[in-house]
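**Student:** I'd like to ask you about the structure that follows.
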Amino acid sequence: MWEIIPGNVSSLTATHNLPEGLAVFAGVSTGNTALGLLVAAAIALHNIPEGIAVSVPIKEATGSSKMAFLLSFASGMAEPLGALLGYLILSPFLTPSLIAGLLAFAAGIMVYISLDELIPAALQYGKTHWMILGIGLGMVVMAISAVLIT
C-alpha cells in the first residue's frame, strides 16, 4: 500500500513550488505585464487544488488539521522563495533567451515531479485509465491556453 508520509508529501510539493516561483519571476521579468499577470494568475489558481492535494492526505494520515495546515503552508512558501532566488541571482543576467529557458526549465521540473509521483501511484492502485485521462486533459487545457495567450 502506498504510505502517506506527511513530510514526503510536503517536501515533494515544495520541490514543485520552487520552480513555480521561478516561473512567476520569469513571467514578470519579461516586461509584458499581461504575461506576468497571466503566469501569476495561472499558478495561483492551480495552487488551490494543489493545496488540497497536500493537506487532505496529511490530515487523513495524521488526524491533525494543524499539521496539515502547517505542512501545506510550508510547502507553499517555497514558491515566493523561488521567485526571490530568481530575482536575487538571475536579475543581472536577464535576457529574453534566459527568460524562455527559465520558463521551460520550471515547466519541465513541475511535469517531472508530478509524473514521477503520479504514475507509480496510479499503477499501484490500478487507476491507469484515470491517469491517462488526466494527463490528456491537462495537455488539452494547456494547448487551449497557449492558443488563447498568443
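The values are calculated or read from the model by the stated rules, or taken from the named source; none is laboratory data. Source: prediction; values computed, not measured. As a convention, Cβ positions derive from the backbone with ideal geometry for all residues, glycine included, and neighbour counts pool all protein chains shown. Side chains are part of the model used for accessible areas, which takes the heavy atoms of the whole protein and leaves out ligands, DNA and RNA. Shrake-Rupley method; radii C 1.70, N 1.55, O 1.52, S 1.80 Å.
**Student:** How far is helix 65-76 tilted, in degrees, relative to the longest principal axis of the Cα atoms in the chain, given as a value from 0 to 90 rounded to the nearest 10?
**Tutor:** The helix 65-76 is inclined about 30 degrees to the chain.
**Student:** Over all directions, how big on average is the projection of the convex hull of the alpha-carbon atoms in segment 98-150, in square nanometres?
**Tutor:** Details: hull surface 15.9 nm².
Reported value for the Cα convex hull: 4.0 nm².
**Student:** Quick check: residue separation of Ile119 and Leu90 times 0.36 nm, minus the Cα distance between them. What number comes out in nm?
**Tutor:** Numbers: separation 29, 0.36 × 29 = 10.44 nm, distance 3.33 nm.
Contour length minus Cα-Cα distance gives 7.1 nm.
**Student:** Okay, next question. Would you calculate, for the chain, the mean residue ellipticity at 222 nm contributed by helices, counting each DSSP H stretch of 4 or more residues as -39,500 (n - 2.57) and dividing by all residues, to the nearest 500?
**Tutor:** Calculated mean residue ellipticity at 222 nm is -29000 deg cm²/dmol.
**Student:** Top mean-square fluctuation among Asn17, Asn32, Asn47, Gaussian network model of the chain, C-alpha springs under 10 Å?
**Tutor:** Asn32
**Student:** From the Cα gyration tensor of the chain, with a ≥ b ≥ c the square roots of its eigenvalues, which class applies: rounded if a/c is under 1.5, or else prolate if a/b is larger than b/c, or else oblate?
**Tutor:** Verdict is oblate for the chain.
**Student:** Here's something else I'd like to know. With springs only between Cα atoms under 10 Å, which of Leu85, Leu70, Leu137 fluctuates most in a Gaussian network model of the chain?
**Tutor:** Looking only at Leu85, Leu70, Leu137, the largest GNM fluctuation is found for Leu137.
**Student:** Would you work out the charge dipole size for segment 32-150 about its Cα centre, treating the Cβ of every Lys and Arg as +1 and the Cβ of every Asp and Glu as -1, and quote it to the nearest 20 debye?
**Tutor:** 120 debye
**Student:** Where the accessible area of the chain is counted over protein heavy atoms with a 1.4 Å probe, how much of it, in %, is carbon and sulfur?
**Tutor:** Values: 7230 of 9390 Å².
Heavy-atom surface of the chain belonging to carbon and sulfur, 1.4 Å probe: 77 percent.
**Student:** Rg and Dmax of segment 28-113, Cα atoms, in Å?
**Tutor:** Rg then Dmax for segment 28-113, in Å: 15.6, 48.
**Student:** How much length would be gained if the chain were fully extended between Ala107 and Asn32, taking 0.36 nm per residue of separation minus their Cα-Cα distance, in nm to one decimal?
**Tutor:** Going from the current span to full extension adds 25.1 nm.
**Student:** Here is a further query. Cut-off 10 angstrom, C-alpha nodes, Gaussian network model of the chain. Which of Ala26, Ala122, Ala74 fluctuates the most?
**Tutor:** Fluctuation is largest for Ala122.
**Student:** Separate question: For the chain, with every protein chain kept in place, what is the accessible area per residue (1.4 Å probe, Å²)?
**Tutor:** Result: 63 Å² per residue.
**Student:** Now for a different question. Relative to the longest principal axis of the C-alpha atoms of the chain, give the angle of the C-alpha long axis of helix 33-62, reported between 0 and 90° and rounded to the nearest 10°.
**Tutor:** 20 degrees
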